[in-house]
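The values are calculated or read from the model by the stated rules, or taken from the named source; none is laboratory data. Everything numeric here is computed off the predicted structure, so don't read it as measured data. Because the Cβ atoms are built from the backbone with ideal geometry, glycine has one as well, and the counts that use them run over all protein chains shown. Remember, those area values only see protein heavy atoms, side chains included, never the ligands or the DNA or RNA. Shrake-Rupley method; radii C 1.70, N 1.55, O 1.52, S 1.80 Å.
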Amino acid sequence: ENGHPAEAPRFLPRSAGIVIIGGGVNGLSTAYQLARRGARDVVVLERQWLGAGASGKTGALVRCHYANVPEAQLTHEAMRIFRNWDDEIGAGSSGFSPVGFIQVVAPEHEDRLRANVADQQALGIHTSIVDKNDLREIEPFLNTDDLTVAAFEPDSGYADPNATLQGFAAAARDLGVRIFEETPVTAVKTDGDRVTGVETPFGTIATDTAVVIAGSWAGRLLRPLGYDVHLSPSRTQVVLFRQPPRLEPRGHRVVIDAITHAWIRPEGGNCTLIGAERSVYDADPDELDESVDAAVIEPSKRA
């Protein structure tokens, strides 16, 4: 871990200025940004190991195309960090590869796609609508028979999710943030409407500021406080394929296909990750099946 071993739970502090719950990329980047802006005594608590939840399993697609303006604006700002990692973070590497990104939708959703792209262009995002002929030039191996238009971001791509979160962790530690793995949070303690502490199996950390960034586990902590943020796990099954020889010399773009509900991205020098959206909701995140069904593999080849 970049020369910074994780601290053992027995050294858990009795108090902290800010406690961040969740050692994924969002929790670690939040810790870094707070410390960078002068926050002191910041502690991160992770129930298992850094990236054990969604962050360590994501395809790490780095793009600005989202269906709503606030999220597109947020990712536009985040893109600056990926493109200027050494200056912005100064530790580790995100492994960002700007191979280009294509968003595919069914013809009946063309108007919505055009509206989304117009909103994104108004934010200064480098994106455009491309037609079938454009797509054949941009990505010759993409089947465009059932398409009319798509969105294309030439400067977007993908990152290495674990390298990204470990880079944030190293940069945060360099600024004094303390990170504790294998330290689950069992409750956020309150007095009236004020936070007073964070409870763990190893003791309670007194604090007046708790930031819950626990993904699918967040509901367990927030519901007792009267908040229901409707977070639940979804299952995306990811398959790794060796690229055919004709594709290896040039690779391919990142693609999100809203028609087949799948995404693809390069992996290494000659492989492709395909994520097939097969969602299961209202499941216990500790019981979520993280394997790949055999029935998903064959359709993924055709995605």
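Annotation note: Cβ proximity below 9 Å between a residue of segment 77-101 that is within 24 Å of L142 (Cβ to Cβ) and in a loop (DSSP other than H, G, I, E, B) and a residue that is open to solvent by 30 Å² or more (accessible area, probe 1.4 Å) and aromatic (F, W, Y) (sequence gap 6+ or interchain) occurs for F96/F82; P98/F82. If only residues of segment 216-255 that are in a loop (DSSP other than H, G, I, E, B) and basic (K, R) are counted, the one that is farthest from E199 (Cα to Cα) is R246.
Determine if segment 100-116 includes at least one residue that is open to solvent by less than 30 Å² (accessible area, probe 1.4 Å), touching a Gly at 6+ places or on another chain (Cβ under 7 Å) and at pLDDT 95 or above. Checked segment 100-116: at least one residue is open to solvent by less than 30 Å² (accessible area, probe 1.4 Å), touching a Gly at 6+ places or on another chain (Cβ under 7 Å) and at pLDDT 95 or above. Within segment 171-187, the set of residues being assigned to a strand (DSSP E or B) and open to solvent by 30 Å² or more (accessible area, probe 1.4 Å) comprises just one member, R178. Checking T196, T200, T236 one by one, the residue that is open to solvent by less than 60 Å² (accessible area, probe 1.4 Å), of a type in the set (S, T, N, Q) and over 30 Å from E110 (Cα atoms) is T200 and no other. Only one of G23, G59, G27, G3 is at pLDDT 95 or above and in a loop (DSSP other than H, G, I, E, B); which? On inspection, the qualifying residue turns out to be G23.
Mind checking which residues of segment 29-47 are touching a residue at least 12 places away in the same chain (Cβ under 8 Å), farther than 22 Å from G197 by Cβ and either buried (at least 20 other Cβ atoms within 10 Å of the Cβ) or of a type outside the set (K, R) (or both)? Selection gives S29, Y32.
Of the set (1) open to solvent by less than 60 Å² (accessible area, probe 1.4 Å); (2) under 30 Å from S93 (Cβ atoms), all apply to F141 but (1).
Consider segment 62-76 and keep the residues that are touching a residue at least 24 places away in the same chain (Cβ under 8 Å), of a type in the set (A, V, I, L, M, F, W, C) and not in a loop (DSSP other than H, G, I, E, B). The one that is most open to solvent (accessible area, probe 1.4 Å) is V69. Apart from one condition, T190 fits all of (1) open to solvent by less than 50 Å² (accessible area, probe 1.4 Å); (2) in a strand (DSSP E or B); (3) hydroxyl-bearing (S, T, Y); the exception is (1).
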